[in-house]
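Since the structure comes first, as structure tokens, the remarks are kept for the end.
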Amino acid sequence: MIQIQNFINGEFRQPLGLKYIDNFEPATGKVFSQVPQSTVADVGLAVESAKAAAPAWAACSPDERANYLSSIAAFIRDGAEEFAQAESQDNGKPLSLARGVDIPRSALNFEFFAAAARTKSSESHHGEGAINLTRRDPLGVVACISPWNLPLYLLTWKIAPALAAGNTVVAKPSELTPYTAFLLGNAFKVAGLPPGVVNLVHGYGAEAGAPLCEHPDVKAISFTGGTATGRGIALSVASQFKKVSLEMGGKNANIVFADCDFDEAVHTSVRAAFANQGQICLCGSRILVESEIYEQFRDRFVQLVSELRVGDPLRAETDQGALVSKAHYQKVLTAIAAAEQEGGRVLCGGRSVPGDGRCEGGWFVAPTVIEGLGPQARTNQEEIFGPVVTLIPFEDEAEALEIANGTNYGLAASLWTQDLNRAHRLSAKLDAGIVWVNTWMNRDLRTPFGGMKESGLGREGGWEALRFFTEAKNICISY
Ligand code: NAD
């Protein structure tokens, strides 16, 4: 049994209360590790150590900080196979996905922000008889709170810019997927990161995450997770006027026009719908199709989805692994039943898939496609965050836009069309922080990343992240 530990002040530590939570392997349904059930006392220790480390870290030159980040990236690259196996075991995602996306991207996050630390420059504005210098100083101790769907990828996406900007960090990974964060502690040790610069505290959101957010010495919170959790965090720290960056849920529209490159659109729509078992905040879960090609698209889409292989994440041929937890698996099956109850027709999937061999007790759900529901149906309004998508026909651009924008969410959207004017027109009007035209999940780490409406507050990525993790001060010097 793997015993995961907190990482505080440069050392692996047991939780002070010596209590642990069972951590399950989604593909088998069996417990394979123990996660510290940290509480306010552990959080207090971690914040104290981050606070003590803050002045020296802030005083490091950008080059020094960048060197540490590069060493952490190198550790991840060198140990990529171990990280990938851990991520797949902990999350249920196909090993091939962890190898191809999660782990390389986690290393890249550190490399990218190492380069950002090296190249970041301050601004100056020359006015009449005065020059303005803008300093962007570190905030001090910041909290990074991450979800279970892309565990190491999203954790490092926060830690790396926080460090590059000169802050010290207390991070709280998801209690469902703590394993790769635990391994990351070794990267900090091997890189020789000064004790206290990054601390990892594991445990439940209410017991470890909430006291971390509310701690008076924590100056900013970078959170990725569900909208309800994000709302609760924002409310709980409002009176302290903390900076918060919230990356939350989505119900993203994938809009397919009749003039699209059909093959490309249908293949990428399958990936956009079901990558990581549909558990990516950017997944296109509402597929809007122009009536003219609705049937043709539907039939080809369903055919391709039916060919996806669900099963043991360790098998090279597996396209879809297990869902992250029993509770989530049940939630997804309940959502499918609710969709049928409100009149949806299940075109494929719609059921759990029994695992075989070692995966007998695993939490597998067949990729599911549903049609026949109006845009206002619950299934088309609420995030399911699993392998379930709906198909919705539309008549023209105006209707597509109305349906796409007709939810409380506003994270991402994809457009499939060969008409450049239409692409520009619609991109400008879509309520989404990220619009992809004839592509999906095409990420340039320099670009703003985040959502509008109930999907997010603030943006991550590139300079946006560095701005978030710094306090601007303008100094006006008259001459
Ligand atoms: P969640 O909100 O349940 O948990 C996210 C993290 O917050 C976990 O570490 C959890 O322990 C912690 N947490 C829970 N309650 C807390 C509290 N009161 N105070 C502080 N921390 C608390 O989300 P999840 O189920 O882990 O992740 C799935 C959700 O994340 C989906 O809604 C998905 O859309 C969203 N997500 C969004 C993005 C994005 O970039 N917008 C990316 C990935 C996932």
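So in region 175-208, with the set limited to residues that are within 15 Å of the ligand (Cβ to nearest atom) and farther than 17 Å from Leu152 by Cα, which one is nearest to the chain's Cα centre (by Cα)?
Among those residues, the one meeting the criterion is Gly205.
Which residues, taken from region 403-432, are part of a helix (DSSP H, G or I) and either out of contact with any Asp or Glu (no Cβ under 8 Å at 6 or more places or on another chain) or basic (Lys, Arg) (or both)?
Ile403, Leu420, Asn421, Arg422, Ala423, His424, Arg425, Ser427, Ala428, Lys429
Could you please find all residues in region 232-253 being touching an Asp or Glu at 6+ places or on another chain (Cβ under 9 Å), within 23 Å of Leu430 (Cβ to Cβ) and more than 7 Å from the ligand (Cβ to nearest atom)?
Across region 232-253, the qualifying residues are Ser245, Lys251.
Does Thr224 count as crowded, with 20+ Cβ neighbours inside 10 Å and closer than 21 Å to Leu69 by Cβ?
Yes, satisfied.
Can you tell me how many residues in region 335-352 are surrounded by 18 or more Cβ atoms within 10 Å (Cβ to Cβ) and within 27 Å of the chain's Cα centre (by Cα)?
Residues meeting the conditions: 6.
Tell me, please, whether a residue that is part of a strand (DSSP E or B), surrounded by 23 or more Cβ atoms within 10 Å (Cβ to Cβ) and aliphatic (A, V, I, L, M) can be found in region 436-456.
no
Regarding region 461-478, can at least one residue be identified that is within 12 Å of the ligand (Cβ to nearest atom) and surrounded by fewer than 22 Cβ atoms within 10 Å (Cβ to Cβ)?
Yes, region 461-478 contains a residue that is within 12 Å of the ligand (Cβ to nearest atom) and surrounded by fewer than 22 Cβ atoms within 10 Å (Cβ to Cβ).
What are the pairs with Cβ atoms under 7 angstrom where one residue, in region 305-334, is at positive phi and the other, located anywhere, is among the small types (Gly, Ala, Ser)? Sequence gap at least six, or different chains.
Close Cβ pairs (under 7 Å, with a partner that is among the small types (Gly, Ala, Ser)) amount to Gly311/Gly355.
Taking the options Phe7, Phe110, name whichever one is touching a helix residue (DSSP H, G or I) at 6+ places or on another chain (Cβ under 6 Å), part of a helix (DSSP H, G or I) and surrounded by 19 or more Cβ atoms within 10 Å (Cβ to Cβ).
None of the others qualify; the one that does is Phe110.
Any residue at all in region 256-273 that's crowded, with 24+ Cβ neighbours inside 10 Å, in contact (Cβ under 8 Å) with a residue 40 or more places away in the chain, away from the ligand (no atom under 12 Å from the Cβ) and not in a helix (DSSP H, G or I)?
Yes - at least one qualifying residue is present in region 256-273.
Out of all the residues in region 104-126, which are more than 16 Å from the ligand (Cβ to nearest atom) and touching a residue at least 60 places away in the same chain (Cβ under 8 Å)?
Leu108, Phe112, Phe113, Ala116, Lys120
What residue, of Arg77, Arg65, is in a helix (DSSP H, G or I) and crowded, with 21+ Cβ neighbours inside 10 Å?
Every option except Arg65 fails the conditions.
Just so you know, all these numbers are worked out from the coordinates, no wet-lab data involved. Quick caveat, the model's predicted, so the values are computed rather than measured. All Cβ positions, even for glycine, are placed from backbone atoms using ideal geometry, and neighbour counts span all protein chains on display.
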